[in-house]
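A.B. asks: Could you have a look at this structure, given as structure tokens, before my questions?
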Amino acid sequence: MQIIGILAFVFALLFSVMVHEFGHYLTARRYGMRVSEFFLGFGTRIWSRQRGETEFGIKAIPAGGYCRIEGMTPRDEMPEGESDRAFYRASSARKLIVLGAGSFLHFVLGYLLLFVLLAGVGVNQVLPVIGSVAANSAAAEAGFQKGDEIVAIDGDTSTDWQDQLLKIRNSKGKPLTFTIKRGGIEQTISASPRMTEIDDGTSRYVLGIINEFGTKRIDPLKSVTSAASLTWHFTSASAKSLVQLPTKIPALWGQTFGGEKRDENGLVGVVGVARVSGQAAASGELTLSERLGTFILIVASLNIFVGLFNLLPILPLDGGHMAVAIADEIRALFARLRRKPRPAAIDVQVLTPITAVVFVILAALTVLLLIADIFNPISLNL
């Protein structure tokens, strides 16, 4: 089962890469740019098919993919008569749209996965079903029983138990009318919550019940906004992680070569995420829906993180090329203010040394994460 989970993650990762590159492809074609190749993977060509001017195919190493847009720099040769279709000749606005389309679709995919999780699979939450009734409590005195489902409180049929819990805590001991379902039959029970001291030393009005915990789907309409909130939450968390990334590298080094225990909140690579996905799929502690939910959550959060990471203003990432396009517009603005001709677009190849340094740093971090994920992997506490 663990192998199935790992393979499912690899497939999901490759699908995410394809969606990212498809964003570049669609927008580039929309603006008349020449796209010569669209491949999944790197290395030796396994299969390909020519459709129009674009060759679509699969390569041997499933470690990403690419969409080749011709004329990225003035030095790139274009077919005769098609120089106007070069990427570097497009307006800065169109460049930004083409470059940002991949990350945009990562966010869209992450949002859709979270929507499916909430509305289709369900999430673990407190259910309005009584798991146990405390002795000598207000609930016991009123006649509540294990298995009763609380349908409404004072006519309020909210499906969010947290909302109903606030009604109980804010009751000030006044009688509340509970509509419950017992054995498939609805009935009403009146109960007055009692002020009770709880474990943390505080006192509040409680009924004296412990609810069951389980998986529950959220209403599709509510899932629309809930998925958006979760997407924003993961985006904010990803931004925080990226800011803290440099500070976590020394700890990762110690965990990789110093025998220290891996930090569950630390850095993890693709191999590590794949292993975690496999563990979730193989866990006997989780139900099928919980396994599926965990898998969807992992893939959704990964898409959001990758989408944000690609927007970092460093070459060779998409965000680096976007930064160059913005710099072009700033230079053009100053030229207009000085009543001078628009300067030529920045030649990205001139920035090759910077790109090489960034590439080496990212490659080194990737290797470090790979070694850590193989020899000192993160494990789920399941």
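The values are calculated or read from the model by the stated rules, or taken from the named source; none is laboratory data. Predicted model only: the values in this text are computed from it and were never measured. Here the Cβ positions follow ideal geometry from the backbone for every residue, glycine too, while neighbour counts run over all protein chains shown.
A.B. asks: Tell me, which residue of the range 117-141 that is touching a Ser or Thr at 6+ places or on another chain (Cβ under 9 Å) and among the β-branched types (Val, Ile, Thr) is farthest from VAL17 (Cα to Cα)?
C.D. replies: The residue in question is VAL123.
A.B. asks: Something else now. Can you confirm whether LEU166 is at pLDDT 90 or above, farther than 30 Å from PRO313 by Cβ and either surrounded by 13 or more Cβ atoms within 10 Å (Cβ to Cβ) or not hydroxyl-bearing (Ser, Thr, Tyr) (or both)?
C.D. replies: No; evaluated as a whole, the condition is false for this residue.
A.B. asks: Here's a follow-up. So, in the range 176-191, how many residues would count as being surrounded by 12 or more Cβ atoms within 10 Å (Cβ to Cβ) and either of a type in the set (A, V, I, L, M, F, W, C) or more than 17 Å from ILE130 (Cβ to Cβ) (or both)?
C.D. replies: 5
A.B. asks: Here is a follow-up. Residues in the range 296-317 that are closer than 19 Å to MET72 by Cβ and of a type outside the set (A, V, I, L, M): how many?
C.D. replies: Within the range 296-317, residues that are closer than 19 Å to MET72 by Cβ and of a type outside the set (A, V, I, L, M) number 3.
A.B. asks: Only residues that are surrounded by 14 or more Cβ atoms within 10 Å (Cβ to Cβ) and part of a strand (DSSP E or B): list them for the range 9-41, please.
C.D. replies: If the condition is that a residue be surrounded by 14 or more Cβ atoms within 10 Å (Cβ to Cβ) and part of a strand (DSSP E or B), then VAL35, GLU37, PHE38, PHE39, LEU40, GLY41 are the ones that fit.
A.B. asks: Further question: Can ILE371 be described as of a type outside the set (S, T, N, Q), within 30 Å of LEU252 (Cβ to Cβ) and surrounded by 13 or more Cβ atoms within 10 Å (Cβ to Cβ)?
C.D. replies: When the stated conditions are applied, ILE371 passes them.
A.B. asks: Looking at this structure, is THR235 modelled with pLDDT of 80 or more and not in a helix (DSSP H, G or I)?
C.D. replies: Criteria not met by THR235.
A.B. asks: Kindly indicate the residue of the range 76-96 that is of a type in the set (A, V, I, L, M) and in a helix (DSSP H, G or I) and also surrounded by the most Cβ atoms within 10 Å (Cβ to Cβ) among those meeting that condition.
C.D. replies: LEU96
A.B. asks: Filter the range 194-216 down to residues that are in contact with a Ser or Thr (Cβ under 6 Å, 6 or more places away or on another chain) and under 19 Å from ILE130 (Cα atoms), then give me how many there are.
C.D. replies: 5
A.B. asks: Let me ask you something else. Which one of these does LEU380 not meet: (1) modelled with pLDDT of 85 or more; (2) under 24 Å from THR235 (Cα atoms); (3) assigned to a loop (DSSP other than H, G, I, E, B); (4) not charged (D, E, K, R)?
C.D. replies: Exception for LEU380: condition (1).
A.B. asks: Which fully enclosed strands (runs of 3 or more DSSP E) of the range 154-228 have 2 or more residues being touching a residue at least 60 places away in the same chain (Cβ under 8 Å) and more than 19 Å from ALA140 (Cα to Cα)?
C.D. replies: By residue number, 209-216.
A.B. asks: Tell me which of these HIS321 doesn't satisfy, since it passes every other one: (1) over 30 Å from ARG275 (Cα atoms); (2) free of Cβ contacts under 8 Å to residues at least 24 places away in the same chain.
C.D. replies: Every condition holds for HIS321 apart from (2).
A.B. asks: Please tell me if GLY131 is small (Gly, Ala, Ser), assigned to a loop (DSSP other than H, G, I, E, B) and surrounded by 13 or more Cβ atoms within 10 Å (Cβ to Cβ).
C.D. replies: Here the answer is no, as GLY131 does not meet what is asked.
A.B. asks: Only residues in the range 46-62 that are in contact (Cβ under 8 Å) with a residue 40 or more places away in the chain count as the first member; pair them with residues that are surrounded by 14 or more Cβ atoms within 10 Å (Cβ to Cβ) and of a type in the set (D, E, K, R), Cβ under 9 angstrom, at least 6 apart or cross-chain, and list the lot.
C.D. replies: Here the result reads none, with nothing in the range 46-62 linked to a residue that is surrounded by 14 or more Cβ atoms within 10 Å (Cβ to Cβ) and of a type in the set (D, E, K, R).
A.B. asks: To continue, here is another question. Any residue in the range 339-350 that is out of contact with any helix residue (DSSP H, G or I) (no Cβ under 9 Å at 6 or more places or on another chain), modelled with pLDDT of 85 or more, among the charged types (D, E, K, R) and loosely packed, with under 14 Cβ neighbours inside 10 Å?
C.D. replies: Yes, the range 339-350 contains a residue that is out of contact with any helix residue (DSSP H, G or I) (no Cβ under 9 Å at 6 or more places or on another chain), modelled with pLDDT of 85 or more, among the charged types (D, E, K, R) and loosely packed, with under 14 Cβ neighbours inside 10 Å.
A.B. asks: List the residue pairs whose Cβ atoms are under 8 Å apart, where the first residue sits in the range 238-257 and is in the same structural domain as PRO377 (by TED's automatic domain parsing) and assigned to a helix (DSSP H, G or I), the second is surrounded by 12 or more Cβ atoms within 10 Å (Cβ to Cβ) and polar (S, T, N, Q), and the two are 6 or more positions apart or on different chains.
C.D. replies: Final answer for the pair search is SER238/SER301; GLN255/ASN376; THR256/ASN376.
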